[in-house]
């Protein structure tokens, strides 16, 4: 038996909106730790890792570890039917072939339940070791989204370079080139407007903008994004999910031949 | 010239 009650149901809506175009089907894993997901896109270039810790739920009952295969587009369709202020409860029976999403309005005057068919998915889990990064950039998520969108109108790839000067996002295409440099800026009124660059050593990597733009669909989840870079390792683009967890996107770099 | 890396080149299946 599984029963997870999330008062801030809009978080789950936002999570699904941010992953449904990247991954078609995925197994959601439920354990005492929390509600999690790890899935790759069909070309095995990008990976999403989600964790919503059990403490973040108002009620969290998970009698035994459960893996539920879901079509993320269908799950997103169902969660779209929840109001932004609704409380969302996820329910499933051990060994069952359905999951139920229950939506309660804040005043309890409307209660809806949507039952979705589960599916069997052969999931390939990758072991992601803890890594030391050469550079970690924390910046406003809206700014990062704007940069990715702007550069993708010029080119297909972005070179992200971190030096003492700051972080540089560069692209080139048929019509020309573009460079955007963001410097560390901690003298801001609001902490979410800060740009913080922690550099162990300079690093420069190239990534497909199509994926970066897809990751920025998580922007409504968090005011800040963290970009962790290391030579010849996938970049990690992380958005915190309120106080309860994170959504991390890994993207393999373009490799020089 | 560059090629798109795959995740399996960096992380091992478990």
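Only the coordinates and a few stated rules stand behind these numbers; no lab work does. If you're wondering where the values come from, they're calculated on a predicted model, not measured in any experiment. A quick note on method: Cβ atoms are made from the backbone with ideal geometry, for glycine too, and the neighbour counts reach across all protein chains shown.
Filtered by the rule that a residue be touching a residue at least 60 places away in the same chain (Cβ under 8 Å) and assigned to a helix (DSSP H, G or I), segment A:59-111 gives A:76, A:79, A:80. Among what's in segment A:236-257 and is within 11 Å of chain B (Cβ to nearest Cβ) and buried (at least 22 other Cβ atoms within 10 Å of the Cβ), pick the residue that is nearest to the chain's Cα centre (by Cα). Per the criteria, the residue is A:250. The residue that is surrounded by the most Cβ atoms within 10 Å (Cβ to Cβ), among those in segment A:214-235 that are outside any strand (DSSP E or B) and within 14 Å of chain B (Cβ to nearest Cβ), is A:234.
Taking into account only those residues within segment A:44-58 that are more than 24 Å from residue A:4 (Cβ to Cβ) and either in contact with a strand residue (DSSP E or B) (Cβ under 8 Å, 6 or more places away or on another chain) or part of a strand (DSSP E or B) (or both), which is nearest to the other protein chains (Cβ to nearest Cβ)? Top of the filtered list is A:45.
Residue-wise test of (1) in a helix (DSSP H, G or I); (2) more than 25 Å from residue A:49 (Cα to Cα); (3) more than 22 Å from the chain's Cα centre (by Cα).
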| position | (1), (2), (3) |
| --- | --- |
| A:147 | yes, no, no |
| A:172 | no, yes, yes |
| A:204 | no, no, yes |
| A:207 | no, no, no |
| A:212 | yes, no, no |
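In segment A:126-169, what count of residues is obtained for those that are without any contact (Cβ under 8 Å) to a residue 24 or more places away in the chain and within 14 Å of another protein chain (Cβ to nearest Cβ)? Number of matching residues: 3.
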